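S.K.: One structure, pasted below without further comment.
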Amino acid sequence: MSASHDWTLLDDPQVQRVIDVVARKFGTEYGLALERDDARQEAALVVAEKAIEAREMLAAGPGLLHRWLCQQLRNAWLTDLRHQSRHLSYEAALNGAEKGLL
């Protein structure tokens with residue numbers, strides 16, 4: 001176990017169920033940007049990185065853990081997608097330069 005990650009919480013079957021539900025949800029909602037398996041890995045990383053918070057959420061109930069985990073992933077992925085959408089592809093930049101737009 002690394003100093004910054006606590007992987008033991010991932011052994012809890014209740015946590016695994018929540019991660020699976022969240023991964024399914026994100027795989028459906030953001031399927032073009034985040035596949036279900038990737039969402040599952042990201043959710044597991046969030047739980048391990050923020051294990052203290054995750055344990056507090058789980059203690060309050062699996063529904064709260066689900067909501068918290070969805071918020072964590074949504075914040076991370078939507079922020080990342082917003083940053084990506086601001087970047088021009090090479091082809092778009094080249095095309096814009098040829099037309100004198102850049």
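S.K.: Starting from the Kirkwood Rh over alpha-carbon pairs, what translational D in µm² s⁻¹ does segment 1-79 have by Stokes-Einstein at 37 °C and 0.692 mPa s?
M.R.: The estimated diffusion coefficient comes to 267 µm²/s.
S.K.: Continuing with this model, one more query. Working out 0.36 nm times the residue gap between V21 and L45, then minus their Cα-Cα distance, what length gain in nm do you get to one decimal?
M.R.: Result: 7.1 nm gained on full extension.
S.K.: Starting at 0 and stepping by 10 Å, how many percent of the alpha carbon pairs of segment 24-68 end up in each bin?
M.R.: Pairs per bin, as whole percents: 29, 46, 24, 1.
None of the figures in this text is laboratory data; all of them are computed from the coordinates on show. Since the model is a prediction, treat every value here as computed from it, not as a measurement.
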